[in-house]
1. Please go through the range 308-326 and give me each residue that is modelled with pLDDT of 85 or more, farther than 20 Å from ARG248 by Cα and buried (at least 17 other Cβ atoms within 10 Å of the Cβ), ordered by number.
2. Restricting to the range 328-350, name every residue that is surrounded by fewer than 18 Cβ atoms within 10 Å (Cβ to Cβ), outside any loop (DSSP other than H, G, I, E, B) and among the hydroxyl-bearing types (Ser, Thr, Tyr).
3. Looking for something closer than 25 Å to ARG78 by Cβ, among the hydrophobic types (A, V, I, L, M, F, W, C) and in contact (Cβ under 8 Å) with a residue 24 or more places away in the chain - is there at least one such residue anywhere in the range 227-239?
4. Go through the range 185-222 residue by residue and tally those that are crowded, with 19+ Cβ neighbours inside 10 Å and closer than 30 Å to LYS306 by Cβ.
5. Do we find that THR74 is modelled with pLDDT of 85 or more, surrounded by 17 or more Cβ atoms within 10 Å (Cβ to Cβ) and out of contact with any strand residue (DSSP E or B) (no Cβ under 8 Å at 6 or more places or on another chain) in this structure?
6. So which of LEU59, LEU39, LEU64 is over 17 Å from THR220 (Cα atoms) and under 20 Å from the mean Cα position of the chain (by Cα)?
7. So which pairs qualify, if the first residue must be in the range 294-307 and closer than 13 Å to CYS323 by Cβ and modelled with pLDDT under 90, the second must be part of a loop (DSSP other than H, G, I, E, B) and among the charged types (D, E, K, R), the Cβ gap must be under 7 Å, and the two must be at least 6 apart or on different chains?
8. Which of the residues that make up the range 184-228 are closer than 21 Å to GLU56 by Cβ and among the acidic types (Asp, Glu)?
Amino acid sequence: MNNKNVLCYTFCIILGMVIIMKLMFLEALQAYYAPVVLLLFFSIILVTDQLLTRQEKNLFLMELGVVGLMLFSTWVDRCVSPITTGEWWRLRFLTSAMQFAAAPLSPLVLLWIYRRNQLVRMGWLQCLPAIVNALLSLGSFWTGQVLWVAPGNIYSRGPLFLLPFFSSAFYVAFILYTASRQETPGRRLETIFLLCAGIAIAGACALEIVFVIRYMIWSTTAVMLLTYFLLITILKVLFDSHTGIYSRLAYTKRLESIGNGQSVTLAMIDMNGLKAINDSYGHEAGDQAIISVSQALLSIPVQGKKLYRYGGDEFIIVVGRWCREELEDELKLIASNCGKVNAITLSFAYGVIEYRDGDLHKATEEMDRYMYNNKMKMKAAQKGSDGKKDA
């Protein structure tokens, strides 16, 4: 589909939507025009996106479908709620029950998006609260446990009216529990965003329930969904997808932000023996070795440090102050033993410099030279140790 067809398609849908909604209900048009257009353009961006995996796209499309369904059902519910004659109360009963049944699906899919790299480990037992809520909500046609709409469009709450909210809260708590176990910088930013989004949506729920202000929850959710997509897209650029630490592009941007007179400490780290691990045990073991070294470097207790993946087995640490001795001492503690993969002890060489003024690229070359000299010393020491063992 070329750009011209996409624009024509978008214009026709928006025009048709405007005509239909204006004929039915002006208030709903004013409330939902912006979020519906937002979801429409979001769907186009999502389909054409090249950064997300197929699984991530499918999860976002699923969430988009849930939000779209809820926007439509609340809109229809608002349109028919003033009509007290005929059988319109049945349609309101249907749309209201649908809203209650589908409400926990949104935080459930958000949980799947957040744990997109761990879906294989997640059992279907976690779907149980959503399934129970859906059955009881739709069963209200006969039991009235969650809600009831009587002839004349008389709406009343059932004894389990808060069940969808508790089910949704369960999944929000699950997200926060998962978030508390994340250690990489990118995942922490994602966690902070989801926490803020949860507060915003909870505020919208409170406004609807306590003050009976309509159209708040799902309009807010639509905005949060697009913002979450944009955040993940940015994180994929600024963070290395394999290790979760900052990417080389982020390091380049960090160098550009360093002004004259600013004191920084730079360290280049190069893994030892990665090729041997790949050749002996395969690239999966090599990938695990890279992750192990990055986790060891992240654990260094140097305040204000940022860790970047510079190349395949190279890392760079940037600290926004002079602390060469402190950083060298910490690196020295773990350089010869920073984890194991298939009984192979992982190690790395490093070079540390302090920088204030001058050419940053020359400073990087100097740091690389220090690291290379350190690697040669480690190899010489290893050969000497092997020679003593043979003797």
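The values are calculated or read from the model by the stated rules, or taken from the named source; none is laboratory data. Everything numeric in this text was worked out from a predicted model, so none of it was measured. A quick note on method: Cβ atoms are made from the backbone with ideal geometry, for glycine too, and the neighbour counts reach across all protein chains shown.
1. GLU326
2. Correct list: THR345 only.
3. No: zero hits.
4. Total meeting the criteria: 5.
5. Here the answer is no, as THR74 does not meet what is asked.
6. LEU59
7. Filtered contacts from the range 294-307: GLY304/ARG321.
8. The one that is closer than 21 Å to GLU56 by Cβ and among the acidic types (Asp, Glu): GLU190.
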